[in-house]
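Worksheet: the structure to be examined is printed underneath.
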Amino acid sequence: MSATLEPTADGAALPEERSFVIDLPAYAGPLDLLLALIRDEKVDIYDIPIAHIAKQFLVRIRQLQLNDAAEYLELAARLLRIKAQMLLPRHGPEETWEDPRAELVRRLLEYQQMREVVDILERRGDERRSRFGRAFLPESVEPVAAPLALSLGELLAAVDRILRVTKEPTVHTVVARALDVPGAIAYVRRILGERKRTRLMELLAADAEPWQVISMLLALLELAKQGELRLVQPRPFASVDIADHDPAGQAA
Amino acid sequence: MIPLAKLLEAALFASPRPIPTDELAALAPEASKAEVAAALDGLREHYDVDGHGVELVEMAGGWQILTRPEYTEAIERAQLAARPQRLSAASLETLAIIAYRQPIGRGEIEEIRGVSVGSILKSLHERGLIEVVGRAEGLGRPLLYATTPLFLEQFALRHLEELPRADELAIALRPAPQPL
């Protein structure tokens, strides 16, 4: 019998990687294996022949290729330690001698108790699982893999439909157009040299292209920043008044 | 059937989960608790005696209408519903320990099972079968786990006390009582 690896939610087990043992179908853990041994060998749990059971345990984990599963090895080591303790000469009166197996027996009993609860839960769970509630949504049901029922004609018609629906993509040609801010600045300076006031709408030709509008705007902002002119917009969306920056004239 | 039983039946039919008894009672404020209990018993009997394909099951502190097991296979074959997956032996062991020892920390569970249970606790938590109910005092203040109402529901338990008492278990392995 070989240990089969079950993939878990945490990641699929690698079939070649024997050191990565997660769950074995036969045993839920080292205590489970030990209990099975005790049952198979028909020994008294209160008087476990430790030397024999320890040997059998090691044989089993080797058969199951569990010899590098730490939890099984730990119990194997514990069994060997108890075996060694049993061999030590007993000092003092018999009553004060503490059976080195006592702790192991306590753990086995506790584990066995829990196994009985597992049997109950398994039964109750199966009973519940075999009854459906209304719109009972099981947590993880694989969708049923149904074969695709489709004729060649239907498939071609579907492809044709998709091709017809798909339009030619709209392609915009983006042409980089350099702004001419210095040119606009020179233009504004020239206008303001002729008259003290003007308006944005007057500076722009009626058919001005976007790049010209933006160049003009940047030119005005630049000149305002440098203090060469003042920009005044009395109301939102009103025309922008442009005045030559002349504090004396303003005061007048 | 009395009108109260019909009302309860309609509510139970509409719900995909067990309806707690007090919520059923709230449906008919004029009826007493005893009357609601009697109506539920009547409804259950009605399904049992007259031979219906469904039955009324009491679990997790509530009631739910479920199909009878003899029709499970036919329903599954027709792909109308599917049984949820069985829990693994390792998950069941962990659940059993938590059910009896709750609130319990991870270390204690691992000591009883003899294996580490980190990923199992995570998956039980994700399935909503256990929840964190606090932290233990002491080193590292480990998280304490307990079972949820969904646990009772998935194992058709009315309450936790329906499981046998701990001292009723593992009798076969117990030594004969010492004569005094």
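Numbers at a glance
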item: Residue count, the stretch A:44-59 (criterion: part of a helix (DSSP H, G or I) and more than 14 Å from chain B (Cβ to nearest Cβ)); result: 9
item: Count of residues meeting criterion [touching a residue at least 60 places away in the same chain (Cβ under 8 Å) and more than 15 Å from A:Leu108 (Cα to Cα)] in the stretch A:42-77; result: 4
item: Residue within the stretch B:118-128 that is within 16 Å of the chain's Cα centre (by Cα), under 30 Å from A:Ala70 (Cβ atoms) and within 9 Å of another protein chain (Cβ to nearest Cβ) present; result: yes
item: Residue within the stretch B:35-51 that is out of contact with any His (no Cβ under 7 Å at 6 or more places or on another chain), β-branched (Val, Ile, Thr), buried (at least 17 other Cβ atoms within 10 Å of the Cβ) and in contact (Cβ under 8 Å) with a residue 40 or more places away in the chain present; result: no
item: Search result, residues across the stretch B:57-86 that are under 21 Å from B:Glu161 (Cβ atoms) and either among the aromatic types (Phe, Trp, Tyr) or more than 15 Å from the chain's Cα centre (by Cα) (or both); result: B:Trp63
item: Residues that are part of a strand (DSSP E or B), without any contact (Cβ under 8 Å) to a residue 60 or more places away in the chain and surrounded by fewer than 18 Cβ atoms within 10 Å (Cβ to Cβ), drawn from the stretch B:55-83; result: B:Glu55
item: Which listed residue, of B:Ala96, B:Ala156, B:Ala166, B:Ala89, is at the interface with another protein chain (Cβ under 9 Å from one of its Cβ atoms), crowded, with 19+ Cβ neighbours inside 10 Å and over 15 Å from the mean Cα position of the chain (by Cα); result: B:Ala89
item: Which numbered condition B:Asp41 misses (of (1) out of contact with any helix residue (DSSP H, G or I) (no Cβ under 8 Å at 6 or more places or on another chain); (2) within 7 Å of chain A (Cβ to nearest Cβ); (3) not in a loop (DSSP other than H, G, I, E, B)); result: (2)
item: Per-region count, the stretch A:175-225, residues among the aromatic types (Phe, Trp, Tyr) and under 58 Å from the mean Cα position of the chain (by Cα); result: 1
item: Single residue of the stretch A:79-106 satisfying the filter (among the charged types (D, E, K, R) and either surrounded by 18 or more Cβ atoms within 10 Å (Cβ to Cβ) or not in a helix (DSSP H, G or I) (or both)) that is farthest from the other protein chains (Cβ to nearest Cβ); result: A:Arg90
item: Those helices (runs of 4 or more DSSP H) lying entirely in the stretch A:159-244 with at least 3 residues of a type in the set (D, E, K, R); result: A:181-194
item: Search result, residues across the stretch B:149-180 that are among the polar types (S, T, N, Q) and at pLDDT 90 or above; result: B:Gln154
item: Cβ-Cβ under 6 Å pairs, at least 6 apart or on other chains, the stretch A:235-252 side modelled with pLDDT under 75, far side among the basic types (Lys, Arg) and outside any helix (DSSP H, G or I); result: A:His245/A:Arg230
item: Selection from the stretch B:86-104 of residues that are within 20 Å of A:Tyr27 (Cα to Cα) and either part of a loop (DSSP other than H, G, I, E, B) or not aliphatic (A, V, I, L, M) (or both); result: B:Arg86, B:Leu87, B:Ser88, B:Ser91, B:Glu93, B:Thr94
item: The stretch B:12-26, subset of a type outside the set (S, T, N, Q) and surrounded by 15 or more Cβ atoms within 10 Å (Cβ to Cβ), residue nearest to B:Ala156 (Cα to Cα); result: B:Pro18
item: Where a residue in the stretch A:107-125 is under 17 Å from B:Glu111 (Cα atoms) and its partner, wherever it lies, is assigned to a helix (DSSP H, G or I) and among the β-branched types (Val, Ile, Thr), with Cβ under 6 Å and at least six apart; result: A:Glu110/B:Ile112; A:Met114/B:Ile97
item: Yes/no for B:Arg44 being of a type in the set (D, E, K, R) and farther than 16 Å from B:Pro18 by Cβ; result: no
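The values are calculated or read from the model by the stated rules, or taken from the named source; none is laboratory data. Bear in mind the structure is a predicted one, so any value in this text is a computation, not a measurement. Positions of Cβ are backbone-derived with ideal geometry, glycine not excepted, and every protein chain shown enters the neighbour counts.
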